[in-house]
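Okay, so here's the structure we're looking at.
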Amino acid sequence: MTGSARLGIIAGGGALPREIIAACRTRGQAVYLLALDGQTDPETTTLAPHSWHRLGAAGEIFDRLRTEGVREVVFAGKVKRPSLLSLTPDARGAAFLARIGFRALGDDGLLRAVAEEFEREGFVLRAVPEVLAAPGIPLGPLGIHRPDTTAEADIARGIAVLRALGPVDVGQAVVVQQGMVLAVEAIEGTDAMIARAGLLKRPGGGGVLVKLAKAAQDKRLDLPGLGPETVAAVAAAGLVGLAFDAQHTTLIDRAGTIARADAAGLFLVGMPTP
């Protein structure tokens, strides 16, 4: 990554954009934050030069990035996908949606089209792990707790489910208990899915969250992420642990996440890419 180039951060919600700002500040790289109406946390905008834009204002977004001298861009944070009816695109955005057609129906297809559009406009897309330049996540348990044989079987079941759903562009997370799929992530997002799984949990203990990137997705965009809030949601749902693809997951606040899992009695396991 070009250390002197100003990095544009297309910021959604959550702590990840703030971690990226901190990482760039540490290495002396300038940033410009493009905040999205109804998506970006207001506190994030206090940390860097920024402007606010609606999701459909593609022409305005491209023009602003160029004005700010941005050539490298990273997408970071949670974005709640709006309906096409509520998007109200500008002329540039409308032309984009007309061109991609049915690719807008699935998350991967839409994100891949967005990436192509940024590249067509001359921007270079960077992946979150590349920007953070964080050390790799080790395989196996990250904290003091370990899955038992039942949890290991549920992890394997979760991997199988996500690998089957990936080609049809559905979800990056699943909750499995005693071999039963309690919930699969859809448009509601991981935290809401975990809460729903907690309501469906069966007697007898157990229950694991499994997060896995889709095999064919663009790894520069929308990698699975988890952090202290995810651990808190898993604990509140009465599950026993989390397992994730160590190579293709963004672990937000690594030390804090591990500490919270340890304190809650949850295992946190980095898996090899299936």
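Key figures for this structure:
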{"quantity": "Close pairs (8 angstrom Cβ cut-off, 6 or more residues apart or separate chains): free of Cβ contacts under 8 Å to residues at least 24 places away in the same chain and more than 16 Å from ARG71 (Cβ to Cβ) in the stretch 31-42, of a type outside the set (D, E, K, R) and not in a loop (DSSP other than H, G, I, E, B) anywhere", "calculated": "ASP37/TRP52; ASP37/HIS53"}
{"quantity": "Those residues of the stretch 263-274 which are closer than 9 Å to LEU142 by Cβ and open to solvent by 40 Å² or more (accessible area, probe 1.4 Å), in sequence order", "calculated": "none"}
{"quantity": "Qualifying residue in the stretch 84-95 (condition: modelled with pLDDT of 90 or more and within 22 Å of GLY14 (Cα to Cα))", "calculated": "no"}
{"quantity": "Pair list, Cβ under 6 Å, 6 or more apart: the stretch 110-139 residue under 24 Å from ARG18 (Cβ atoms), other residue buried (at least 18 other Cβ atoms within 10 Å of the Cβ) and of a type in the set (Ser, Thr, Tyr)", "calculated": "VAL128/THR250"}
{"quantity": "Number of positions in the stretch 42-78 that are within 15 Å of LEU16 (Cβ to Cβ) and of a type in the set (Asp, Glu)", "calculated": "1"}
{"quantity": "Criterion: buried (at least 21 other Cβ atoms within 10 Å of the Cβ) and among the acidic types (Asp, Glu) - qualifying residue of ASP245, ASP253", "calculated": "ASP245"}
{"quantity": "Residue satisfying all of: in the stretch 212-238; open to solvent by less than 10 Å² (accessible area, probe 1.4 Å) and modelled with pLDDT of 95 or more; farthest from the chain's Cα centre (by Cα) among these", "calculated": "VAL234"}
{"quantity": "Residue list for the stretch 167-190, filter: of a type outside the set (A, V, I, L, M) and either crowded, with 19+ Cβ neighbours inside 10 Å or not in a helix (DSSP H, G or I) (or both)", "calculated": "ASP169, GLY171, GLN172, GLN177, GLN178, GLY179, GLU185, GLU188, GLY189, THR190"}
{"quantity": "Residue check for GLY56: small (Gly, Ala, Ser), open to solvent by 40 Å² or more (accessible area, probe 1.4 Å), at pLDDT below 90 and assigned to a loop (DSSP other than H, G, I, E, B)", "calculated": "no"}
{"quantity": "In the stretch 200-209, residue least open to solvent (accessible area, probe 1.4 Å) [restricted to those that are more than 13 Å from GLY241 (Cα to Cα) and in contact (Cβ under 8 Å) with a residue 12 or more places away in the chain]", "calculated": "LYS201"}
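Every residue, every condition in (1) assigned to a loop (DSSP other than H, G, I, E, B); (2) farther than 18 Å from VAL79 by Cβ; (3) touching a Gly at 6+ places or on another chain (Cβ under 7 Å), yes or no:
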residue: ARG220; (1), (2), (3): yes, no, no
residue: LEU223; (1), (2), (3): yes, no, no
residue: THR230; (1), (2), (3): no, no, no
residue: ALA235; (1), (2), (3): no, yes, no
residue: LEU239; (1), (2), (3): yes, yes, yes
residue: LEU242; (1), (2), (3): no, yes, no
residue: ALA255; (1), (2), (3): no, yes, no
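Let's see how each residue does on (1) of a type in the set (A, V, I, L, M); (2) under 17 Å from the mean Cα position of the chain (by Cα); (3) at pLDDT 95 or above:
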position	(1), (2), (3)
VAL174	yes, yes, yes
ALA183	yes, no, yes
ALA195	yes, no, yes
GLY207	no, no, yes
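The values are calculated or read from the model by the stated rules, or taken from the named source; none is laboratory data. Model, not experiment: these values are computed from the prediction. Glycine gets a Cβ as well: all are built from the backbone with ideal geometry, and neighbour counts include every protein chain shown. In case anyone asks, the SASA skips ligands and DNA or RNA and just uses the protein heavy atoms, side chains included. Shrake-Rupley method; radii C 1.70, N 1.55, O 1.52, S 1.80 Å.
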